[in-house]
Structures are given as C-alpha cells and as structure tokens.
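The values are calculated or read from the model by the stated rules, or taken from the named source; none is laboratory data. Remember, predicted model here, so these are calculated numbers, not experimental data. Ideal geometry is used to build each Cβ from the backbone, glycine not excepted, and the neighbour counts take in all protein chains shown. What goes into the accessible areas is simple: the full protein's heavy atoms, side chains included, and nothing from ligands, DNA or RNA. Shrake-Rupley method; radii C 1.70, N 1.55, O 1.52, S 1.80 Å.
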Amino acid sequence: MIRLLRPGAAVTQLATRVARRYLAGREQPWVFRRPEPGWIPAPTPRTSLYLHVPFCRNSCPYCPYTKVPYDEELVRPYTDSALAEIDWWAGTIGPAELTSVYIGGGTPTVAMDAVQLILDNIRRRFRLTGDVGIETNPADVNPAMLRQMRDAGVRLVSLGVQSFDAGNLALLGRRYTPDVAEEALALAAAGGFACVNADLMFALPGGTRDGVVADLTRAVELGATQVTAYPLFTFPYTAVGRHLRLASVRMPDLRARREQYKAIHQWCTSHGLARVSVWGFRRGQVPRYSSVTRDGYIGIGPGAGSLLSDGFAVNTFDLHAWSEAVLEGRSPVALRLPFGPALRDWWWLYWRLYETRVPVEALEAVLTTAAPRARFLLAVAQGLGLAVHQGQDYVLTEPGAFWIHLAQNHFALNYVNSLWTGARREPWPESVPI
C-alpha cells in the first residue's frame, strides 16, 4: 500500500499560479489582510447565517475547526458575545432576510440553551424565512435534546456518526460504541425533522469498500434520509495530521479510494438515493442538508467566516479576543480577502460543481466576464465524460464528481489549511497568504 497520491509541493504551487492567473486575472489578491480602519460590511437585503458554537466534550483528532473543551462557565460569556455580534451585524447590514441558518461547531447541542437564546435574537434582528439546520454528536442525542431542538425551530439535523465500526470509531477518537450511534440515529430519524443526515467517513486507514457499504446500509436502515460520505481530511495542524506525519499511518492509495467512492455512488443510486453533492445523497425530495452551498452568509462566533458581496471576511479565531471585541461593539473580523470581478463568478461556479449540477440559464445570468471560459471548461468536461448535458443543466457523472472531490482535497483544502494555520497563530494577524 502507498500513500494517497498527492501532487508535489512545487507542482501544486505551479498549477495553483496558472489556474489563478487564468481564472481570476493578475489583479486578484491572494492574501487575507487585516481590515482597514473603519471597515464595515455593506448593507445587504438577503443572505444566510452561520453560527459557530465552539464547545466540545470530546475533541476529535481529525477536526480542524475552532473548538474549546466544554466548560459550563464559558457558555454564558459566549452567549452574551454571540448576542452582541448578532446585534453588530444587524446594525451594519440591516434587517436582512435570512434564507437559512446553519449551526455548527464544535458540538452545538452541548450548549442548546444558549443556541435557543441566540436563535431568538436572530429572529428578532433579521427576517428568517428559511430552515434552521444543526450538527450534533451521537453521544449527545436523547429524547429531551431532540424535543429542545424542535422547540428551537430546528428542521434539519446532521448526526456525526462517521462509522458503525468499533475499530474505526476508536481510530477517529470517537468515544462511543456503535450501538450508541445506532440508537442516536434511530431516535433522530423518528424525531419529526424534515431531514436527518448521517455523516460517514471513507478512505480511512485500513478502510475497505465493503466496510463503507456496510456503514451506508446501516445508516439508511436506521432512517437517515440523507447520507454524506466524505474522506478523512488531514490538515497538518490537527492531531491526525501530526500523527500521519510522525507515525507513518497509511491512508488507502488512490485506487482503493477510487473503488470506495464508486461503491458509495453505486450503492446509493441503486437504493433510491439521488446525488446532491460530491459527498451527499438524499432520499426523494426531503430538504437537502448542506453546510456550505450558500451564495452569501454572515458568520457568528470565533473563527466563523462570512461571504459578503465584496469578498470573504473571517472572525478572529481566539475565543476571548472575539468576545472582548463584540462586547465592546467592535468588529470581530480579523482578516479579509476582497473579490475581484472574476473571482466571485468562479466561486459561484465552484459550488455548483460541488453540487454536481450547473444550471446553464443561471450560469448565463450570474456569470459576467467568466461566462465564455466557464462554457468552454464545461464543454471540455463533457468531452472527457466528466459531465453530461441534461435538459438545461450540466450534470457531473460519477467520474466527474470523483475528480472534483479529489481536486477539492488537493487544492481548495490547501487554501483553507493556509488560512486557518495563519489565523491560529495570533488573534489579529496582519496578513495571511493563501
């Protein structure tokens, strides 16, 4: 067995420079910088909202997100700070319509009382017209928790199962047994939610095609209406990243990863689940659970990102620095990356490819200078068998979805890793190149 095929650093850097120049032009900056004095986000009539709750009872070694060990004494200060940040955003962008609220972490449900208070303030300060989705952990699921989630207006739930195999759970640092995960998923599926998503992992060290199929089968048997199967992301600064670097843990090679991905596609499509992203499949027309595919959003909490009309903004990752800033009425944004004219277009297209479907009519309406190149690249993908033209859409084939997922793993996640590594070094960095 060999390590997962990865481009060498020099090749990756060269490919990145060429792609950036071709897609976004010479003028697009690729450095996140501290916002200029007096910067505030522009008013917006319509967006989405992401709430980051950083608390975890158990810190999984593969998780790259901003998190702190759960401490009841930290919850009240966090709640007050989140309420203040909501007020700050409402005072700058205005009483926008929110087409969705997504709550992640951490494990948000360990502080569900706080989440309820924060959601109440979100509804007071904005016009919430879309669904509320939340992540949770199997070890935290019980009937009382599910009732509290419903009472808070949650309609979409994602359960971080990862696997029903005891060995995999131990490898991933998940401190529960398969029977706990099974009971939690069955309770959530019977809990009256519009969508219950089960997160599963593939391409684990020692993982097999049959093991992935067994996890999918069990998740659907227990009532999951959506399954999201994604590989183990090994950011260097996570415990798993350090372990792989130091201990020669072997990941499945590219061939094994390809077989597992194909098996996921074949099993899902043959059991009545339709693809909704490079990772996700849902049953019928249940509302899709997605944490990322938004055309714009504001982020609440330490380390939360915002996609604004003029570019990206990222809050300070430091819990105490974030709290101090918002309670004093200051901006929590530590870094910004302005968009040039083309980058916003490509960002939109990237997420349509992530969804594995590009509506041609919307492409022509949304894209401006990038539209001719986008049409050319989609035609090339079609010629290579990576996409097909269905009605008014380009739809990725299974091989196309696989190579998009692999490109994301190699390139997009490298950018995220660069940003998060730099942002963790100090609360208010001057700049972070990506």
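Out of S290, S248, report the one residue that is on the phi > 0 side of the Ramachandran plot and at pLDDT below 95.
Numbers: S290 fails: on the phi > 0 side of the Ramachandran plot.
Step by step, each of S290, S248 is checked, and only S248 is on the phi > 0 side of the Ramachandran plot and at pLDDT below 95.
Given the residues G301, G280, which is the only one that is within 20 Å of V157 (Cβ to Cβ) and touching a Pro at 6+ places or on another chain (Cβ under 7 Å)?
The match here is G301.
Taking the options V75, V18, name whichever one is among the hydrophobic types (A, V, I, L, M, F, W, C), without any contact (Cβ under 8 Å) to a residue 40 or more places away in the chain and open to solvent by less than 40 Å² (accessible area, probe 1.4 Å).
V75
Can you pull out the residues in segment 302-325 that are under 15 Å from the mean Cα position of the chain (by Cα) and assigned to a loop (DSSP other than H, G, I, E, B)?
Result: G303, A304.
Since Y102 meets every condition but one in (1) surrounded by fewer than 22 Cβ atoms within 10 Å (Cβ to Cβ); (2) among the hydroxyl-bearing types (S, T, Y); (3) touching a strand residue (DSSP E or B) at 6+ places or on another chain (Cβ under 7 Å); (4) under 22 Å from T293 (Cα atoms), which condition does it not meet?
Y102 satisfies all of (1) surrounded by fewer than 22 Cβ atoms within 10 Å (Cβ to Cβ); (2) among the hydroxyl-bearing types (S, T, Y); (3) touching a strand residue (DSSP E or B) at 6+ places or on another chain (Cβ under 7 Å); (4) under 22 Å from T293 (Cα atoms) except (1).
Given the criteria at pLDDT 90 or above, more than 24 Å from G311 (Cα to Cα), in contact with a strand residue (DSSP E or B) (Cβ under 7 Å, 6 or more places away or on another chain) and not aliphatic (A, V, I, L, M), does G400 qualify?
The answer is yes for G400.
Quick one: count up the residues across segment 341-354 that are touching a strand residue (DSSP E or B) at 6+ places or on another chain (Cβ under 9 Å) and of a type outside the set (K, R).
Final tally of qualifying residues: 4.
Given the criterion open to solvent by 20 Å² or more (accessible area, probe 1.4 Å), in contact (Cβ under 8 Å) with a residue 60 or more places away in the chain and not acidic (D, E), identify the matching residue among V278, V286.
The conditions single out V286.
Conditions first: (1) touching a Phe, Trp or Tyr at 6+ places or on another chain (Cβ under 8 Å); (2) part of a strand (DSSP E or B). T99 passes all but one, so which condition is the exception?
Here T99 clears every test but (1).
Return yes when G301 is modelled with pLDDT of 90 or more, farther than 30 Å from T79 by Cα and either out of contact with any Gly (no Cβ under 6 Å at 6 or more places or on another chain) or among the polar types (S, T, N, Q) (or both) and no when it is not.
Judged against the criteria, G301 is not a match.
Going through V358, V292, V314 one at a time, which residue ends up being in contact with a helix residue (DSSP H, G or I) (Cβ under 6 Å, 6 or more places away or on another chain) and either of a type in the set (V, I, T) or farther than 23 Å from R21 by Cβ (or both)?
So the residue among V358, V292, V314 that is in contact with a helix residue (DSSP H, G or I) (Cβ under 6 Å, 6 or more places away or on another chain) and either of a type in the set (V, I, T) or farther than 23 Å from R21 by Cβ (or both) is V358.
Exactly one of (1) open to solvent by less than 10 Å² (accessible area, probe 1.4 Å); (2) within 21 Å of the chain's Cα centre (by Cα) is unmet by S81. Its number?
Status for S81: all satisfied but (2).
Yes or no: V432 in contact (Cβ under 8 Å) with a residue 40 or more places away in the chain, within 24 Å of the chain's Cα centre (by Cα) and part of a strand (DSSP E or B)?
yes
Collect the residues in segment 213-236 that are among the β-branched types (V, I, T), under 20 Å from G173 (Cα atoms) and either at pLDDT below 95 or not in a strand (DSSP E or B) (or both), keeping them in residue-number order.
Within segment 213-236, just T234 meets the criteria.
Would you point out which residue out of R34, R26, R57 is modelled with pLDDT of 95 or more, over 17 Å from L307 (Cβ atoms) and open to solvent by 30 Å² or more (accessible area, probe 1.4 Å)?
R34
Do we have Q226 as farther than 30 Å from R424 by Cβ, of a type outside the set (A, V, I, L, M) and open to solvent by less than 10 Å² (accessible area, probe 1.4 Å) here?
When the stated conditions are applied, Q226 passes them.
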